[in-house]
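Worksheet: one structure, shown below.
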Amino acid sequence: MASPLNPDVSRRGVIVGSAATVAAGGTAPLNAQGPRMTTPPGPTLPVQFKVNGEDRRLDLDPRVTLLDALREHLQLTGSKKGCDHGQCGACTVIVNGRRINSCLSLAVMHEGDQITTIEGLGTPDNLHPMQRAFVVHDGYQCGYCTPGQICSAVAVLDEIKDGIPSHATADVTDRPRATADEMRERMSGNICRCGAYSNIIEAMSDVAGTRA
């Protein structure tokens with residue numbers, strides 16, 4: 001159909017002409033572009049720590065998190081990267097007997113530390129009691145959050161055993177007990193999208209020798 005402004009110019013002609021203009025004035029071929037700018041590698045720092053009972057030494061960019069050092073440099077991929085903001089607990093490991101979110105901690109901060117990941121708690125042939133309890137009580141389900149859940153659960157029972165109070169502790173002058181409420185409060189930083197929370201508490205209660 002002819003254009004109402006110019007009867008001699010058709011719609012097809014306008015489209016064809018526009019396409020030809022774009023092709024003629026397009027970008028230069030890739031091989032005609034200048035060299036790509038690359039960022040030189042930054043300085044590294046040495047760090048030495050004991051992971052699952054084994055001395056490990058790495059030279060790392062000081063910005064590398066403990067989680068990335070474990071996963072990418074030591075190939076210990078049991079610890080998972082979930083939110084990468086310290087909100088889900090999937091990256092939980094045990095450092096010097098206390099649980100931490102490894103995505104929020106720089107690797108170079110752990111010089112000389114004792115680090116335990118899920119791989120260091122047990123093996124398929126020799127499960128840690130908490131790992132075995134998770135299997136018995138179906139606390140693992142999809143399994144993505146399970147390494148962090150298990151590491152946190154082990155550390156939680158140690159915290160209670162050591163008399164460390166929590167927000168759920170009724171009397172901070174008294175030793176806490178491994179009650180369901182106490183364990184739920186302490187495990188609240190570990191998120192499970194499958195909703196296996198009640199099964200996880202049952203597994204922890206089994207290991208602690210109590211009933212949920």
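The values are calculated or read from the model by the stated rules, or taken from the named source; none is laboratory data. Predicted model, so just to flag it, every value in this text is computed and none were measured. Glycine also receives a Cβ, built like all others from the backbone with ideal geometry; neighbour counts cover every protein chain displayed. These area figures cover heavy atoms from the full protein model, side chains too; ligands, DNA and RNA do not enter into them. Shrake-Rupley method; radii C 1.70, N 1.55, O 1.52, S 1.80 Å.
Observations on the model:
- By a 1.4 Å probe calculation restricted to protein chains, Met187 has an accessible surface near 10 Å², given to the nearest 10.
- Of the solvent-accessible surface of segment 129-208, computed with a 1.4 Å probe and all protein chains present, 50% belongs to carbon and sulfur.
- Around the Cα centre of segment 129-208, unit charges on the Cβ atoms of Lys, Arg, Asp and Glu (plus for the first two, minus for the last two) sum to a dipole of about 220 debye.
- Radius 12 Å from Cβ of Gln48, net charge of other residues (Lys, Arg +1; Asp, Glu -1): -2
- Distance from segment 57-108 to segment 175-190 (C-alpha centre basis), Å: 24 Å
- Reciprocal mean inverse distance between Cα atoms of segment 59-148 - Kirkwood radius, Å: 13.6 Å
- Phi to ³J(HN,Hα) by Karplus 6.51 cos²θ - 1.76 cosθ + 1.60 over segment 72-88, Hz, x for Gly, Pro: 8, 9, 10, 6, 9, 8, x, 5, 9, 9, x, 7, 6, 10, x, 10, 10
- For segment 41-88: rounded, prolate or oblate by the Cα gyration tensor [a/c cutoff 1.5]: oblate
- Cα point-scatterer Debye curve for segment 129-208, base-10 log of I(q)/I(0) at q = 0.14, 0.17, 0.23, 0.27 Å⁻¹: -0.41, -0.59, -1.01, -1.32
- Close amide-amide hydrogen proximity is noted between Val93 and Ile100, Ser102, each under 5 Å apart and 5 or more residues distant or on a separate chain (H modeled in the peptide plane; Pro and chain starts excluded).
- Put simply, the amide H of Leu45, placed in the peptide plane, has neighbours under 5 Å in Leu60, Asp61, leaving out anything fewer than 5 places away on its chain.
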